[in-house]
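The values are calculated or read from the model by the stated rules, or taken from the named source; none is laboratory data. Just so we're clear, the structure is a prediction, and the values are computed from it rather than from any experiment. Because the Cβ atoms are built from the backbone with ideal geometry, glycine has one as well, and the counts that use them run over all protein chains shown. Note: areas computed on protein heavy atoms with side chains; ligands, DNA, RNA excluded. Shrake-Rupley method; radii C 1.70, N 1.55, O 1.52, S 1.80 Å.
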There are 2 protein chains.
Amino acid sequence: MLIGTFSERTGCHIETIRYYERIKLLPKPPRTEGRHRLYDREQVKQLMFIRRSRELGFSLDEIRILLLLVDGKQYTCLEVKTITEAHLEDVKRKIADLRRLQKTLAAISGQCEGGLVPDCPIIDTLFSE
Amino acid sequence: MLIGTFSERTGCHIETIRYYERIKLLPKPPRTEGRHRLYDREQVKQLMFIRRSRELGFSLDEIRILLLLVDGKQYTCLEVKTITEAHLEDVKRKIADLRRLQKTLAAISGQCEGGLVPDCPIIDTLFSE
DNA sequence: CTTGCATCTGTAGTTCCTACAGGTTTTATC
DNA sequence: GATAAAACCTGTAGGAACTACAGATGCAAG
């Protein structure tokens, strides 16, 4: 598949795909005779993983490590354990934060149900020190 | 409290705090006679909210809107419903993605338990098309 | 009163994209 | 098979969200 289709399937802009290739986050794909890039399904999965991880707030460097982890063979067992455990903590915290945000948003939306504009400082009870 | 303490309590770099003030995400704080910034607990909450939202992948513009939402009185009831509902969808998807990531990481970590370096392509079954 | 640390303003650099400009390749149409 | 439109190419410049100085000022302690 050409880069346009690849872009559509992954929801990733064409420019971003070329950027990821430049910084070596994605491997250099084979080309057609006219030098157009060619991708397959395997790479769709990989780019989806990258895109979603980015949306979840992981940096490209963190994603680079995650990809190597999932790929296996780049790290020793101890390193794998250390890195995954750290990420697991991070992921748990993010889930907890998102749940709280979800509740707040639902509460705000609910208050509006009756035609009232919400005015209580809900934020106070959330994301506090 | 001075900006140093404020920075510690929120986990936000001093430069970032000043940057947020410059782009009007944070209000201009009162100053001491020597022009040093003064913050209170209320602002700690607000900045924590901003920081965590950023970690969860929201843009500063989205956060600006979230802050106005939570603050009330900036939007009509219909606007509030529309915006919160859109964000709720987004939040739900993020939680689902994080859960899958959590499972993957746990699986990787688990495989290592026995001293084995993981080598199966777990990524294939996750974050696919 | 001076030494050292925190803060100040301002600017330049980094990361992660995003948007052209100007040129080539492919594909659809006549 | 000519040609026009769409998709692709490389390269560079711009934008968002920080981050890291440099050089000056404020302030508390010895």
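Between A:Ile23 and A:Asp61, the contour length at 0.36 nm per residue exceeds the Cα-Cα span by 12.6 nm.
Checking the table A:Lys28/B:Lys103; A:Lys94/B:Lys103; A:Lys92/B:Lys94; A:Lys28/A:Lys81; A:Lys103/B:Lys103 against a 22 Å threshold on Cα-Cα, which pairs fail? Those over the limit are A:Lys28/B:Lys103; A:Lys28/A:Lys81; A:Lys103/B:Lys103. Excluding ligands, DNA and RNA, the accessible surface per residue across the stretch B:75-114 is 50 Å² with a 1.4 Å probe.
For the stretch B:1-74, the residue among B:Tyr39, B:Leu68, B:Phe6 whose Cα projects farthest onto the positive side of the dipole built from Cβ charges is B:Tyr39.
Rounded to whole numbers, the Karplus 3J(HN,Hα) couplings from phi for the stretch B:9-18 are 5, 9, x, 10, 4, 4, 4, 5, 4, 5 Hz, using 6.51 cos²θ - 1.76 cosθ + 1.60 with θ = phi - 60°, and x at Gly and Pro. Of the trypsin sites (Lys or Arg not before Pro) found in the stretch B:2-92, those that fall in a DSSP loop while having at most 13 other beta-carbon atoms within 10 Å are B:Lys24, B:Arg35, B:Lys73.
When the solvent-accessible area of the stretch B:75-114 is split by element, carbon and sulfur atoms take up 60 percent of it, the probe being 1.4 Å.
Across the stretch B:1-98, Cα-Cα pairs farther apart than 21 Å form 41% of the total. In this assembly, the B-A interface accounts for approximately 5300 Å² of buried accessible surface in total, computed with a 1.4 Å probe and without ligands, DNA or RNA.
Select from the stretch A:33-56 all residues whose loss of accessible area on going from the chain by itself to the full protein assembly reaches 40 Å² or more (probe 1.4 Å). Residues of the stretch A:33-56 that lose at least 40 Å² of accessible area once the other chains are added: A:Lys45, A:Phe49, A:Arg52, A:Glu55, A:Leu56.
Taking the label point 7 Å along Cα→Cβ, B:Lys28 and its counterparts in the other copies are spaced 5.4 nm apart, in ascending order. Between copies, the label points of A:Gln102, set 7 Å from Cα on the Cα→Cβ line, lie 1.0 nm apart, reported in increasing order to one decimal in nanometres.
The rotation axis taking chain B to chain A passes closest to this chain B residue's Cβ, listed with the gap in Å: B:Gly57, 2.
Counting every Cα pair in the stretch B:75-114, what percent are over 16 Å apart? Of the Cα pairs, 56 percent sit more than 16 Å apart.
For peptide A:86-93, the mean count of partner chain Cβ atoms within 10 Å of a residue's Cβ comes to 4.
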